[in-house]
Amino acid sequence: MNRLEDKSLMQRLMDNIQDNVYVMDRGGHIVFINKAGAKWLGFNSPDDVIGKTDLDIFTNEHGRAAFEDEQRIIETGEPILGIEEKETWADGHETWVSTSKMPLHNDDGQIVGTFGISRDITEHKKAEIRAEKYAEENRQFRDMFEDDLRMAGQLQKTFFPTSYPVFPEGVDPADSLVRFHHYHHAGGMVGGDFCSIRKLSKTEVGIFLCDVMGHGVRAALGTAIVRAVVEESSRQKKDPGQFLSHMNQILLPILRQEDEFLFATACYLVADVKTGLVRMSNAGHPTPILLDATHQQAEWFEQGQPSKGPALAIHDSVRYTTVERRLHLRDAVMLFTDGIYEVAGAGEEEFGEKRLLAAVQRHKELSLRELFPALLNEARAFAAEGAFDDDVCLVGFRLLDLLTP
């Protein structure tokens with residue numbers, strides 16, 4: 001094969017390559033370009049490009065940068081390999097190429113220009129930019145959402161008691177005949193547990209605890225609704241069974257929409273400090289624990305009395321029953337949500353209500369302020385992960401003495 005045939009074969013090869021191939025002299029003028037390269041630059045034929053420079057084709061900013069790259073290659077002999085170039089054209093549109101530029105040597109080894117190959121990566125780059133933009137927008141949205149959740153979590157903390165009722169009215173909390181305590185842990189930034197301790201009269205106090213189905217924002221919104229209903233209902237219904245029945249009537253149409261289903265377990269009790277009588281009603285909630293100081297025994301509050309009805313906002317026209325127990329001095333009652341005993345240990349076995357009752361029995365001598373952390377520590381120690389993944393709420397009171405006229 002002669003030299004002329006070699007040149008013809010090389011030209012055909014270059015013209016069938018889809019990448020842009022070009023050669024420039026030391027002054028930055030194009031001395032060779034294949035058909036793909038000419039088409040990329042907007043010309044009908046390679047002959048139309050010969051003699052042009054980057055400054056003739058691109059904007060001054062991009063053309064000058066490309067020219068300086070080529071001069072640096074000529075001066076140093078160092079190639080530029082696999083760089084991404086953003087090309088800004090005279091009409092303002094932008095493209096991207098992956099480019100390699102190398103020094104071009106003559107037979108004597110002298111650098112006489114540059115040789116370049118570039119590949120169109122515009123669509124890939126646009127997709128990358130869109131992905132980066134989406135990722136940034138998603139990050140901003142996530143940050144904003146987390147900020148909102150943090151604020152919602154701070155607001156939700158205001159739902160819980162910041163102080164407790166005292167009996168008789170007006171005494172220092174340290175001298176109150178009834179000592180209250182509560183603990184709340186949200187499984188996330190917001191949670192679905194809620195408790196309330198409200199003075200109903202000079203001798204009565206109402207204690208409410210609920211657990212709204214699910215986690216996160218959905219459950220937190222449910223607690224906000226429940227809280228509003230509790231405030232309204234506690235002024236109208238002192239009997240716990242009537243109280244929960246009234247709540248159910250209000251919550252059912254709110255929480256049960258066509259495409260949504262939300263419910264809450266709840267327990268409500270009213271304690272009379274004058275008589276020691278405690279009346280309680282239960283809507284699908286874990287049974288409270290009574291700490292019997294006389295017999296040094298922790299036991300279920302109901303003691304076989306059938307009182308547990310369905311959770312709130314499940315059935316219409318439910319009539320919740322009320323059970324009663326009379327407390328003696330230093331007796332205590334503890335209400336809790338299922339998050340404390342549903343933690344799973346090795347083999348996915350739950351801590352369970354029986355273990356919780358046994359733990360209360362072991363720590364029965366403690367005050368509620370000391371008892372609650374002790375129970376939480378036992379449940380954490382049992383948990384395989386060493387932490388609670390659900391909301392946990394404990395609330396209770398101890399009767400130190402009866403209120404006298």
Could you tell me whether any residue of the stretch 324-341 is at pLDDT below 95, farther than 19 Å from residue 205 by Cα, within 31 Å of the chain's Cα centre (by Cα) and open to solvent by 10 Å² or more (accessible area, probe 1.4 Å)? yes
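Yes/no matrix, rows are residues, columns are (1) touching a strand residue (DSSP E or B) at 6+ places or on another chain (Cβ under 9 Å); (2) open to solvent by less than 40 Å² (accessible area, probe 1.4 Å); (3) among the small types (Gly, Ala, Ser):
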| site | (1), (2), (3) |
| --- | --- |
| 119 | yes, no, no |
| 125 | yes, yes, no |
| 136 | no, no, no |
| 141 | no, no, no |
| 168 | no, no, no |
| 175 | no, no, no |
| 192 | yes, yes, yes |
| 199 | yes, no, no |
Among (1) in a loop (DSSP other than H, G, I, E, B); (2) under 15 Å from residue 241 (Cα atoms), the one test that residue 342 misses: (2)
Please find, within the stretch 209-236, the residue that is farthest from the chain's Cα centre (by Cα) out of those that are modelled with pLDDT of 85 or more and open to solvent by 40 Å² or more (accessible area, probe 1.4 Å). 228
Look through the stretch 294-323, keep the residues that are touching a residue at least 40 places away in the same chain (Cβ under 8 Å) and under 21 Å from residue 375 (Cα atoms), and return whichever of them is farthest from the chain's Cα centre (by Cα). 296
Among residues of the stretch 237-273, those that are over 24 Å from residue 398 (Cα atoms), more than 26 Å from the chain's Cα centre (by Cα) and of a type in the set (A, V, I, L, M, F, W, C), counted: 4
Consider the stretch 350-378. How many of its residues are under 27 Å from residue 294 (Cα atoms) and within 27 Å of the chain's Cα centre (by Cα)? 3
Quick one: what pairs do we get from the stretch 23-45, first residue without any contact (Cβ under 8 Å) to a residue 12 or more places away in the chain, second assigned to a strand (DSSP E or B) and of a type in the set (S, T, N, Q), C-beta under 9 Å, 6+ apart or different chains? 38/20; 39/20
Assess whether residue 161 counts as being of a type outside the set (Asp, Glu), closer than 26 Å to residue 280 by Cα and open to solvent by 80 Å² or more (accessible area, probe 1.4 Å). no
Taking residue 59 as the residue in question, decide whether it is at pLDDT below 85 and either open to solvent by 20 Å² or more (accessible area, probe 1.4 Å) or hydrophobic (A, V, I, L, M, F, W, C) (or both). yes
Restricting attention to the stretch 291-313, which residues are part of a loop (DSSP other than H, G, I, E, B) and either at pLDDT below 90 or among the charged types (D, E, K, R) (or both)? 302, 303, 304, 305, 306, 307
In a helix (DSSP H, G or I) and over 20 Å from residue 199 (Cβ atoms) - does that describe any residue in the stretch 282-290? no
Out of 394, 371, 402, 366, which single residue is within 27 Å of residue 166 (Cβ to Cβ), in contact with a Gly (Cβ under 9 Å, 6 or more places away or on another chain) and either open to solvent by 40 Å² or more (accessible area, probe 1.4 Å) or not in a helix (DSSP H, G or I) (or both)? 402
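Listed here are the residues, each with its yes/no results for (1) out of contact with any Asp or Glu (no Cβ under 9 Å at 6 or more places or on another chain); (2) hydroxyl-bearing (Ser, Thr, Tyr); (3) touching a residue at least 60 places away in the same chain (Cβ under 8 Å).
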{"position": "229", "(1), (2), (3)": "yes, no, no"}
{"position": "239", "(1), (2), (3)": "yes, no, yes"}
{"position": "248", "(1), (2), (3)": "no, no, yes"}
{"position": "254", "(1), (2), (3)": "yes, no, no"}
{"position": "263", "(1), (2), (3)": "yes, no, no"}
{"position": "276", "(1), (2), (3)": "no, no, yes"}
{"position": "292", "(1), (2), (3)": "no, no, no"}
Being in contact (Cβ under 8 Å) with a residue 40 or more places away in the chain and either under 13 Å from residue 29 (Cα atoms) or of a type in the set (Phe, Trp, Tyr) (or both): is that true of residue 84 here? no
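The values are calculated or read from the model by the stated rules, or taken from the named source; none is laboratory data. Here the structure is a predicted model, which means the values were calculated and not measured. We place every Cβ from the backbone using ideal geometry, glycine too, and count neighbours over all the protein chains shown. With ligands, DNA and RNA removed, areas are computed over all heavy atoms of the protein, side chains included. Shrake-Rupley method; radii C 1.70, N 1.55, O 1.52, S 1.80 Å.
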